[in-house]
1. How are the Cα pair distances of the range 99-147 distributed, in percent, across 10 Å bins from 0?
2. Two decimals, Cα atoms only, Kirkwood Rh: what is Rg/Rh over the range 1-72?
3. Computed FRET efficiency, Cβ-Cβ of Ala89 and Ser175, R0 51 Å: what is it to the nearest 0.05?
4. May I ask you to order 17-23, 117-123 by the average number of other C-beta atoms within 10 Å around their residues, highest value first?
5. Would you mind calculating the gained length between Gln269 and Ser161 on full extension (0.36 nm times residue separation, minus the Cα-Cα distance), in nm to one decimal?
6. Could you work out the relative contact order of the range 5-96? I mean the mean sequence separation of Cα pairs under 8 Å and 6+ apart, divided by the number of residues, in percent.
7. Can you bin every Cα-Cα distance in the chain into 20 Å intervals starting at zero and give me the percent of pairs per bin, rounded to whole numbers?
8. Run the simple label-point estimate for Arg140 and Leu300 please: 7 Å along Cα→C-beta, distance reported in nm.
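What follows is calculated from the coordinates using simple rules that are stated; it is not laboratory data. Since the model is a prediction, treat every value here as computed from it, not as a measurement. Counting neighbours? That spans all protein chains shown, and the Cβs are built from the backbone with ideal geometry, glycine included.
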Amino acid sequence: MSVSLSRIPSVDLLRGFVAVGRRMSITLAAGDLFLTQSAVSRQIHTLEAALGVKLFERGHRSIRFTAEGEQLFLAADAAMQTLQDALGALEDGLRRRPVTITASIGFVSLWLLPRLREFQSLHPDVEVRLSANNEVVDLRQDGLDIAIRYCAESAMPAGASRLFGETLFPVAHPSLGLTRLDSPALIEGVTLLEFEGEPSPWWQWSRWLESQGWAGVKPKGVLRFNLYDQVIHAAVAGQGIALGRGQLIAPMLADGRLVALSMPLPGPQSDKAHYLIQRDAEPSKQVRALIDWIRAEARLTDVAPA
């Protein structure tokens, strides 16, 4: 017959017993368990006292099972090996589980993806899964490790850390032949690329024109987009003038795909920034590696080219 769970000796005692039984040596078992020899000896004596039987016969520098000890070892060793295998499978699963990050489509397309190859070269064992969307999410409920969100500091979620802000200015493809927007006449001859996915005033071309004293000036045309990466791709394709986020389009300015266009007066200034939110206060090694890398890259980004 079997006994109740309450009468089963502690796992620590059984682990010490199995370690000794596998090695038939208290000294070697102590090394396997990273314990002292005396600590393992106490575990064996405590287990024998709890069971009321001797488990080992001790000779001169040797030990061997008693009949009861051998009977218990066969069962305890099999159970311990099953537990070891199950825990090993769990650890392997955790090591292979992708690190999932959610961020806006524009952030993923323009900032994260162009840099992600470097992270993968540094951490080839970390698999990353991207969830590009602009929705409010529950990290724990949705199984997400990291979120990057865009908001004002006053609306920053609890526990979030600032990555970098944003500086906006007009940009265009060099094929348009522009370096400045310094007169209403220039505006009347170009197409403006309007981002409608964010209602803040610094995204509205009408507010930029007002800031120059050009209220009412009509451009040649307007193309409107609900996703910011579409605005930038249209600008790179030479389809018009966009309001560029300096921190997101720095590589395009550096390699000449876009040119920053100066204006006589400053335009509306953004009070928002990108923030990182992590699900767990003590994340896994893989999640921590991605968080640390993003923060390091963000420190390099937080200077706007203009």
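1. All Cα pairs, binned at 10 Å, distribute as 26, 52, 22, 1 percent.
2. 0.96
3. Step by step, r from the Cβ atoms, then E = 0.35.
4. Per-residue mean Cβ counts within 10 Å order the peptides as 17-23, 117-123.
5. Roughly 36.7 nm would be gained on extension.
6. On the way: 69 pairs, mean separation 22.3, N = 92.
Contact order relative to length: 24 percent.
7. Each 20 Å bin holds this share of Cα pairs: 26, 32, 20, 15, 7, 0.
8. 3.5 nm
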